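Enquirer: What follows is a structure written as structure tokens; I'll ask about it next.
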Amino acid sequence: MGYEAISYEVTDAVATVTLNRPDRLNAINQTLAKELAGALSVAGADRSVRCVILTGAGRGFSAGLDLGKFEEGASFDAGDILRRYYHPVIEGITTIEKPVVASVNGVAAGAGASLALACDFRIASEEARFIQAFIRIGLVPDSGATYFLPRLVGYAKALEMAMLGDAVEAKTALDLGLVTRVVPAADLLEESRSFAKRLAEGPTRALAMTRRALLFGTTNDLASALENEADLQSNAVLTNDFVEGVTAFIEKRPAAFRGQ
Ligand code: T3D
């Protein structure tokens, strides 16, 4: 499939989706949002893909909403744009039945940061920084930032980031638990691929159900979470990967999960 604002490639069971508007720091326009949602859907449907990496071309991860058109004074319904273009992307990241790793190569601002926050893991280059840029232009956090940010860093830090709009550097992001690890810029691609490969070799369906369970657990009471866990576990024991996991344990060898 031909893409204009992203690129998509699959290697060794890992799909890499690259935001590809480097001269605009991969700012998100409607084309990019549509293509990104489409690529997530393609990766979701491709059984050979068992993990997805989301990254940016050039020196930025994503600078959020493309502000270019507003210079031209275009009028717009922000809520409508979010619902039509941004929400499908965030929902695509959080409902795809395989892990998603953000490989954060540079600045992640506004909705660009939201993309990274919605992913299951964030591997950051030493040059990455996270900016809740919305407030700098008089907007409120969107694209899932109000959901994920307080859950990742706690309410007080999330509020500070959202109300001050200051850049959080990679090292601080690691201390805050905002990112999984920080690596030298030159190693980011290799480290991200190796991290993704580990996930791609995991029990894909159980990984997807694990995310679903945790998302459910953060917004429901204990009784509901217990019930949800029981439902999901009933499904997990039906997978071939569960049989393989137990067999490998008994045979004292590493499990060879097939994602089924
Ligand atoms: O419903 C709705 O649609 C509302 C949705 C809102 C979601 C949002 O994401 S709101 C937040 C939008 N994003 C921002 O406000 C961030 C704007 N960008 C910046 O503040 C800075 O660029 C950065 C802090 C991200 C990076 O700074 P720096 O100094 O490293 O780079 P730069 O020189 O500012 O940017 C490099 C180029 O990218 C530059 O173009 P030029 O001068 O080389 O031709 C700059 O204009 C361009 N660029 C950066 N961000 C955007 C952008 N172009 C369009 N849109 C951008 N968001």
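Every number here is computed from the coordinates shown, using simple stated rules; none is lab data. Everything quoted here is computed from the prediction, not taken from an experiment. Ideal geometry is used to build each Cβ from the backbone, glycine not excepted, and the neighbour counts take in all protein chains shown.
Enquirer: In nm, give the distance between the simple-model label positions of Thr180 and Leu67, each being 7 Å from the Cα along the Cα-to-Cβ direction.
Expert: Placing both labels 7 Å along Cα→Cβ, they lie 3.2 nm apart.
Enquirer: What order do you get for Ile93, Ile131, Ile28 when you list them from fewest to most C-beta neighbours inside 10 Å?
Expert: Lowest to highest Cβ neighbour count: Ile131, Ile93, Ile28.
Enquirer: Sticking with this structure for a sec: Hey, how many Å between the Cα centroid of the stretch 119-163 and the Cα centroid of the stretch 9-44?
Expert: 21 Å
Enquirer: Which pairs break 28 Å Cα to Cα here: Lys69/Lys197; Lys197/Lys252; Lys34/Lys98; Lys171/Lys252?
Expert: In this structure, Lys69/Lys197; Lys171/Lys252 exceed 28 Å between Cα atoms.
Enquirer: Can you tell me the length gained on complete extension of the stretch Asn240 to Met1, counting 0.36 nm per residue apart and subtracting the Cα distance?
Expert: 82.9 nm
Enquirer: Among Met163, Met209, Met1, which comes first, second and so on when ranked by fewest other beta-carbon atoms within 10 Å?
Expert: So the residues, fewest neighbours to most, are Met1, Met163, Met209.
Enquirer: Label-point separation (nm) for Lys171 and Asp187, each offset 7 Å from Cα along Cα-to-Cβ?
Expert: Roughly 1.6 nm, to one decimal.
Enquirer: Bin all alpha-carbon pair distances of the stretch 168-252 at 5 Å intervals from 0 and give each bin's fraction as a whole percent.
Expert: Computed distribution, short to long bins: 3, 12, 14, 15, 16, 16, 13, 9, 3, 0.
Enquirer: Which of the GluC sites (Glu not before Pro) across the stretch 31-130 are loop residues per DSSP, with 12 or fewer other Cβ within 10 Å?
Expert: In loop regions of the stretch 31-130 (DSSP not H, G, I, E or B), the sparsely surrounded GluC sites (Glu not before Pro) are Glu72.
Enquirer: Next up: Neighbouring Cβ atoms within 10 Å as the yardstick, rank Tyr155, Tyr86 fewest first.
Expert: Fewest-to-most ranking of Tyr155, Tyr86: Tyr155, Tyr86.
Enquirer: For the stretch 234-260 and the stretch 47-115, compute the distance between their C-alpha centroids and round to whole Å.
Expert: 35 Å
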